[in-house]
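Remarks on the structure that follows.
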Amino acid sequence: MEVTIESMGSAGEGIGRVDGYPLFVKDTFPGDRARVSLTKVKKTYAFARLVELLDPSPNREEPRCAQHRRCGGCQIQGLSYEKQLLYKEEKVREDLKRLGGFAEPPVNPVLGMEDPYRYRNKAQFPFGKDKEGRIVTGFYAGRTHSIVPETDCALGIGENQNILQMILDFLNEHHIEPYDETTGKGLLRHALIRKGFATGQLMVCLVINGRRFPQVEKLAERLFTIPGMTSLTLNVNQKNTNVILGDEIIPVRGQTYITDKIGNISYQISPLSFYQVNPVQTEKLYRTALEYAGLTGRETVWELYCGIGTISLFLARSAKEVYGVEIVPQAVEDAKHNAGLNSISNVKFYLGKAEEVLPEKYEKEGIHADVIVIDPPRKGCDSACLETMLAMAPERIVYVSCDPATFARDLKILCADGSYELTKVQPVDMFPQTAGVENVGLLTRR
Ligand code: SAH
């Protein structure tokens with residue numbers, strides 16, 4: 001059927017109506033007139049696939065990547081960047097209204113990028129075989145695990161191509177099999193590649209279904225001809241799951257980490273540690289968090305979900321003391337090391353779950369906070385953690401979030417009894433070309 005797209009859904013899909021009945025159509029944008037075919041029909045809405053663009057929207061822009069429709073990574077690459085930013089601002093505002101119950105959420109325009117491509121400092125490429133039995137690497141086609149062979153992602157670094165080709169050649173020459181998800185056999189699962197944009201340092205971590213990679217020293221020899229190559233490690237993952245990384249890192253050559261810089265703080269990053277993927281925007285994000293924290297040098301700050309201590313260290317020079325809490329042991333190790341690396345001594349990091357460490361410290365030791373900063377994963381903050389934060393009654397809560405829906409849900413809980421007011425929300429475009437958007441929210445005690 002034919003449909004005119006009028007709005008956009010939360011996953012970046014176009015929404016049009018046929019006799020008032022909404023159709024969700026991936027790869028379409030407001031202003032498109034399109035011929036679509038229904039793929040799934042529900043009682044009150046349906047999903048459809050774009051068949052032919054009859055009259056393209058003026059909001060479109062030529063995507064840089066030929067694979068953008070097949071790939072699960074970029075949902076809105078066909079939309080002009082200017083409109084992408086407006087779409088994200090609207091999405092944040094809508095979620096805060098609908099899920100957060102804020103009548104007029106104080107949302108600023110999204111902080112965008114000057115060049116919204118090649119911004120990612122990290123990628124994890126799956127290895128497998130195509131129908132002809134050739135070893136391939138690339139990315140998973142949207143919502144599947146079939147690999148589209150493409151080593152030059154338009155969001156990623158130029159070095160990816162070269163590194164992946166070296167690995168592919170090596171597998172073929174040495175008859176090393178890629179992992180097969182259906183049989184659980186084969187060795188190489190993924191290659192994780194990370195680059196420090198400020199330092200130029202490169203890390204490659206090969207995720208393997210085993211503990212040994214044949215002749216890996218020879219592969220190291222080749223990879224280390226690439227300028228910036230600093231770290232080659234193996235990661236052991238012998239489980240039949242969708243989780244990419246296992247727990248164990250085996251050093252092969254160079255260090256087991258790379259170093260990068262955000263602003264004037266240096267960070268050591270291990271393969272298993274979380275590190276923001278867009279360093280250019282991360283600096284804007286952290287500067288906003290610092291501004292919202294309103295530090296004068298006298299404050300005690302708690303940072304929950306602190307990763308390798310990135311935000312904690314960013315705040316430390318403006319605070320009296322900062323305490324970080326993080327669940328991944330390697331990240332806490334990195335955080336402690338990073339404090340030393342920057343000669344920052346007024347920070348302390350705790351290993352554990354935020355929802356356990358914070359209540360325990362509060363109940364047993366009566367800890368105090370002037371400012372609490374949180375940066376939880378997509379699923380948001382645990383309720384035990386939110387309750388303790390309220391009980392601790394800090395002057396300000398700075399909430400950094402990569403998911404507007406759980407952000408809105410948690411802010412609603414934090415504002416429920418009226419002791420806090422949502423005063424500012426700053427969206428930051430950490431993930432151009434995708435439907436994702438990061439936010440910093442400021443809650444002030446009344
Ligand atoms: N603030 C950091 C990390 C943010 S990502 C940065 O900007 O780099 C979220 C972090 O929360 C990850 O490091 C993850 O390992 C950690 N995490 C996930 N669940 C947690 C929990 N229940 N308690 C504490 N940390 C957790």
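Of the residues 54, 85, only one is in contact (Cβ under 8 Å) with a residue 40 or more places away in the chain, open to solvent by 60 Å² or more (accessible area, probe 1.4 Å) and not charged (D, E, K, R); which? So that I can check it myself, show each step before the final result.
Working: 85 fails: open to solvent by 60 Å² or more (accessible area, probe 1.4 Å).
Checking each option against the conditions leaves just 54.
Close contacts from the stretch 317-329, counting a first residue that is of a type in the set (Val, Ile, Thr) and a second that is in a loop (DSSP other than H, G, I, E, B) and within 13 Å of the ligand (Cβ to nearest atom), with Cβ to Cβ under 6 Å and a gap of 6+ residues or different chains, come to 327/353. Yes or no: the stretch 281-296 includes at least one residue that is touching an Asp or Glu at 6+ places or on another chain (Cβ under 8 Å), hydroxyl-bearing (Ser, Thr, Tyr) and surrounded by fewer than 23 Cβ atoms within 10 Å (Cβ to Cβ). No, because not a single residue in the stretch 281-296 is touching an Asp or Glu at 6+ places or on another chain (Cβ under 8 Å), hydroxyl-bearing (Ser, Thr, Tyr) and surrounded by fewer than 23 Cβ atoms within 10 Å (Cβ to Cβ).
Here is a yes/no grid of residues against (1) closer than 19 Å to residue 278 by Cα; (2) open to solvent by less than 30 Å² (accessible area, probe 1.4 Å); (3) of a type in the set (S, T, N, Q):
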{"site": "131", "(1), (2), (3)": "no, no, no"}
{"site": "149", "(1), (2), (3)": "no, no, no"}
{"site": "153", "(1), (2), (3)": "yes, no, no"}
{"site": "156", "(1), (2), (3)": "yes, yes, no"}
{"site": "168", "(1), (2), (3)": "no, yes, no"}
{"site": "178", "(1), (2), (3)": "no, yes, no"}
{"site": "204", "(1), (2), (3)": "yes, yes, no"}
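The set of residues in the stretch 160-207 that are aromatic (Phe, Trp, Tyr), outside any helix (DSSP H, G or I) and farther than 21 Å from residue 121 by Cβ contains only 179.
When the residues of the stretch 1-24 are filtered to those that are more than 19 Å from residue 94 (Cβ to Cβ) and surrounded by 15 or more Cβ atoms within 10 Å (Cβ to Cβ), which remaining residue is farthest from the chain's Cα centre (by Cα)? Please lay out each step first, then the result.
Filtering the stretch 1-24 for residues more than 19 Å from residue 94 (Cβ to Cβ) gives 1-4, 18-21, 23.
Applying the additional criterion that residues be surrounded by 15 or more Cβ atoms within 10 Å (Cβ to Cβ) yields 3-4, 18, 23.
Numbers: 3: 33, 4: 32, 18: 36, 23: 29 Å.
The extreme case among them is 18.
Looking across the stretch 316-337, the residues that are within 11 Å of the ligand (Cβ to nearest atom) and either assigned to a helix (DSSP H, G or I) or acidic (Asp, Glu) (or both) come down to 326, 329, 330, 331, 332, 334, 335.
Out of all the residues in the stretch 242-259, which are exposed (fewer than 15 other Cβ atoms within 10 Å of the Cβ) and more than 20 Å from the chain's Cα centre (by Cα)? First the steps, then the outcome.
Of all residues in the stretch 242-259, those exposed (fewer than 15 other Cβ atoms within 10 Å of the Cβ) come to 242-244, 247-248, 251.
Once the filter is applied, which keeps residues that are exposed (fewer than 15 other Cβ atoms within 10 Å of the Cβ) and more than 20 Å from the chain's Cα centre (by Cα), the stretch 242-259 yields 248, 251.
Looking across the stretch 264-274, the residues that are open to solvent by 10 Å² or more (accessible area, probe 1.4 Å) and either in a helix (DSSP H, G or I) or within 11 Å of the ligand (Cβ to nearest atom) (or both) come down to 272, 274. Within the stretch 368-386, residues that are within 12 Å of residue 402 (Cβ to Cβ) have Cβ atoms under 6 Å from residues that are of a type in the set (Asp, Glu) and within 12 Å of the ligand (Cβ to nearest atom) in these pairs: 378/403, counting only partners at least 6 apart in sequence or on another chain.
Looking only at the stretch 297-315, residues that are more than 10 Å from the ligand (Cβ to nearest atom) and among the polar types (S, T, N, Q) come to 1 in all. Taken together, the criteria exclude residue 346 from residues that are within 16 Å of the ligand (Cβ to nearest atom), modelled with pLDDT of 95 or more and among the polar types (S, T, N, Q).
Of the residues making up the stretch 25-35, none is free of Cβ contacts under 8 Å to residues at least 24 places away in the same chain and surrounded by fewer than 17 Cβ atoms within 10 Å (Cβ to Cβ).
For the stretch 103-110, the count of residues that are surrounded by 15 or more Cβ atoms within 10 Å (Cβ to Cβ), touching a residue at least 12 places away in the same chain (Cβ under 8 Å) and not in a loop (DSSP other than H, G, I, E, B) is at least one.
The values are calculated or read from the model by the stated rules, or taken from the named source; none is laboratory data. Because the structure is predicted, anything quoted here is derived from the model rather than measured. Cβ atoms come from the backbone with ideal geometry, glycine included; neighbour counts cover every protein chain shown. What goes into the accessible areas is simple: the full protein's heavy atoms, side chains included, and nothing from ligands, DNA or RNA. Shrake-Rupley method; radii C 1.70, N 1.55, O 1.52, S 1.80 Å.
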